[in-house]
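A.B. asks: The following block contains the structure, expressed as structure tokens.
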Amino acid sequence: MTAPATSAAVPTARSLRGPAVAAGAGLAALVLLRLRDPHDAGSYGACPFLSVTGLPCPGCGGLRALDELAGGDVVAAISSNALVVALAAAVAVVWTGWTIGRIRGRMPVISPGAGTLLLVVPVIAAFGILRVTPWGSWLAP
């Protein structure tokens, strides 16, 4: 007696649950940013690193950058935090690949791995250092 054959493809509605939840969470966060303006000082609290050192951290200006992106102003977003704009673009590309893979019936596992961490952490650190130097002052929020 043999087991019944199973289909390799997962139904589309079920396979798109993960990307849909991720997109919903991202859209909810963007709606919150559009409703509560991060340009108002203290609207989301204060950056602890900025409060202690007086220097912007790599994330300073990130909420403003995402708010500007949600409003369609890419230049203002880059002016607020270029790194967050680049990371948002990377997230969009990864999410699109994830969604397309799910539509085609592939169930890719998103695991960034140590290699990604070894790339991203130094880039964030370098951005944080560069934006407080005279040469990178144009990167400051």
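A.B. asks: Can you tell me which residue in region 72-92 is nearest to the chain's Cα centre (by Cα), limited to those that are in a loop (DSSP other than H, G, I, E, B) and either modelled with pLDDT of 95 or more or surrounded by 14 or more Cβ atoms within 10 Å (Cβ to Cβ) (or both)? Don't jump to the end; show me each part of the working.
C.D. replies: Start the filter on region 72-92 by keeping residues that are in a loop (DSSP other than H, G, I, E, B), which leaves 72-73, 81.
Then drop every residue that is not either modelled with pLDDT of 95 or more or surrounded by 14 or more Cβ atoms within 10 Å (Cβ to Cβ) (or both), which leaves 73, 81.
On the way: ASP73: 17, ASN81: 12 Å.
If we take residues in region 72-92 being in a loop (DSSP other than H, G, I, E, B) and either modelled with pLDDT of 95 or more or surrounded by 14 or more Cβ atoms within 10 Å (Cβ to Cβ) (or both), then ASN81 is nearest to the chain's Cα centre (by Cα).
A.B. asks: Taking region 19-45 only, how many residues are of a type in the set (Gly, Ala, Ser) and under 18 Å from the mean Cα position of the chain (by Cα)? Can you show your working first?
C.D. replies: From region 19-45, those of a type in the set (Gly, Ala, Ser) are 20, 22-26, 28-29, 41-43, 45; that's our starting set.
If we keep only those that are under 18 Å from the mean Cα position of the chain (by Cα) as well, we get 20, 22-26, 28-29.
Qualifying residue count for the region: 8.
A.B. asks: I'd like to verify a number: residues in region 33-71 that are surrounded by fewer than 14 Cβ atoms within 10 Å (Cβ to Cβ) and either out of contact with any helix residue (DSSP H, G or I) (no Cβ under 9 Å at 6 or more places or on another chain) or at positive phi (or both), how many?
C.D. replies: 12
A.B. asks: Okay, moving on. Just checking, how many residues over region 117-137 are part of a loop (DSSP other than H, G, I, E, B) and either under 14 Å from PRO56 (Cβ atoms) or touching a residue at least 12 places away in the same chain (Cβ under 8 Å) (or both)?
C.D. replies: Pass one, region 117-137, residues part of a loop (DSSP other than H, G, I, E, B): 131-136.
Now drop any that are not either under 14 Å from PRO56 (Cβ atoms) or touching a residue at least 12 places away in the same chain (Cβ under 8 Å) (or both), which leaves 131-133, 136.
Qualifying residue count, region 117-137: 4.
A.B. asks: Name the residues in region 93-103 that are surrounded by 12 or more Cβ atoms within 10 Å (Cβ to Cβ) and without any contact (Cβ under 8 Å) to a residue 40 or more places away in the chain, would you?
C.D. replies: VAL94, GLY97, ILE100, GLY101
The values are calculated or read from the model by the stated rules, or taken from the named source; none is laboratory data. On a predicted model such as this, the values are computed, not experimentally measured, just so you know. Neighbour counts are summed over all protein chains in view; Cβ atoms, including those assigned to glycine, are modelled from backbone coordinates with ideal geometry.
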